[in-house]
1. Rolling a 1.4 angstrom probe over the protein heavy atoms, how many square angstrom per residue are accessible across segment 1-66?
2. At a 1.4 Å probe radius, carbon and sulfur cover how many percent of the accessible area of segment 114-170?
3. Let me check I've understood the local charge: for Trp133, count other residues with C-beta under 9 angstrom from its C-beta, Lys and Arg +1, Asp and Glu -1. What total comes out?
4. Report, to the nearest whole %, how much of the accessible area of segment 1-58 belongs to carbon and sulfur atoms, 1.4 Å probe, protein only.
5. Tell me, what ³J(HN,Hα) does each residue in segment 46-56 have, in order and in whole Hz, if you take phi through Karplus 6.51 cos²θ - 1.76 cosθ + 1.60 with θ = phi - 60° and put x for Gly and Pro?
6. Could you give the length gained on full extension between Asn59 and Arg44, defined as 0.36 nm per residue of separation minus the Cα-Cα distance, in nm?
7. Accessible area per residue, 1.4 Å probe, Å², for segment 111-172: what's the number?
8. By the scheme Lys and Arg +1, Asp and Glu -1, what is the net charge of all other residues having a beta-carbon under 12 Å from that of His155?
Amino acid sequence: MDQFLASVERRALRMAEIAVGNRADALDIVQDAMLSLARRYGGRDPAQWPPLFHRILENRIQDCRRGRQRNGRYFLDLPHTDDDTADPLDVLARDPAPGPDRRAQGSQALICLEAAIRTLPDRQREAFSLRIWQDIDVAGTARAMGISEGSVKTHLFRALAALRGALGEHWP
């Protein structure tokens, strides 16, 4: 269980942070999701952990959003400032040895990507996160989201189309 949780921790934190726009809330969400997985499903087959974890994570993200709406709180879209090159989005936005201009373009592209992901409908964002970031296959994503494989493909297609449209010049 420890090895699995260590392998998904950074990406889960990044997913939660983009979804809720606040690092502190994202840390709480990921910690709660990890504890829930360990307590409730630790005895299950390790092959079942990825979809279970991502379903729990998405539920915690939704709970956080509902709580904000209920309490009348809103969040700002602040750019992410941590310099964590192991994160897939950071790696995507940078060259191995970028110059100042290239770093600025990469940072801008990353900011645009995060903002575009925040605007996706929940199901599209979830499908994108699981399929692209977590590299979970279609069947696993379908189990995690509680929908059919065809629906996963549809949500991902629509998410990618929306991101292409929103990112324009920053899309690879």
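1. I get 50 Å² per residue for segment 1-66.
2. Summing carbon and sulfur atoms, their accessible area is 50 percent of the total for segment 114-170.
3. Result for the local shell: +2.
4. Of the solvent-accessible surface of segment 1-58, carbon and sulfur hold 46 percent.
5. x, 5, 7, 4, x, x, 5, 4, 5, 5, 4
6. 3.4 nm
7. Accessible surface, normalised per residue, equals 48 Å².
8. +2
The values are calculated or read from the model by the stated rules, or taken from the named source; none is laboratory data. Values in this document were obtained by computation on a predicted structure and should not be read as measured data. FYI the Cβ positions are ideal-geometry reconstructions off the backbone, even for glycines, and counts take in every protein chain you see. Heads up: the accessible areas ignore ligands, DNA and RNA and are worked out on the full protein's heavy atoms, side chains in. Shrake-Rupley method; radii C 1.70, N 1.55, O 1.52, S 1.80 Å.
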